[in-house]
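Asker: Submitted below is the structure of interest, expressed as C-alpha cells.
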Amino acid sequence: MTGKTNTDEQIGFHKGALSTLAKEREEMLKILNIVEQLMRMHLKGLKDLGVEIKTTQATGKSLEGKMKK
C-alpha cells in the first residue's frame, strides 16, 4: 500500500508541476507578445524619423549599434 501511495503522490506532484508550468508559459507568451508589439511601435517610430534599423531577430542579438541615421 505504501508503494501505491508513494507512486500516487509522485504522479500528483508531476501533474501539478506541469499544470503550473503550462500556466507560467501562457503568461510568458503574453509578456513576449506585449514586448514584441512595443518593439514594433518603436521601430516604426524610428523609421518614420528616417532611422534605418537592421534587426537580427533570428540570432537574438541586441539592436544597439545597429542604428543608422
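Rule-based calculations on the coordinates, nothing more; no lab input. What you see is a predicted model; the values in this text were computed from it and never measured. Cβ sites come from the backbone with ideal geometry, for glycine too, and all protein chains shown count toward neighbours.
Asker: Give me the distance in nm between label points sitting 7 Å out from Cα along the Cα-to-Cβ direction at F13 and L46, one decimal.
Answerer: Computed distance between label sites F13 and L46 equals 4.7 nm.
Asker: Work out, step by step, the length gained on full extension between T20 and N33: first 0.36 nm times the residue separation, then minus their alpha carbon distance; give nm to one decimal.
Answerer: 2.7 nm
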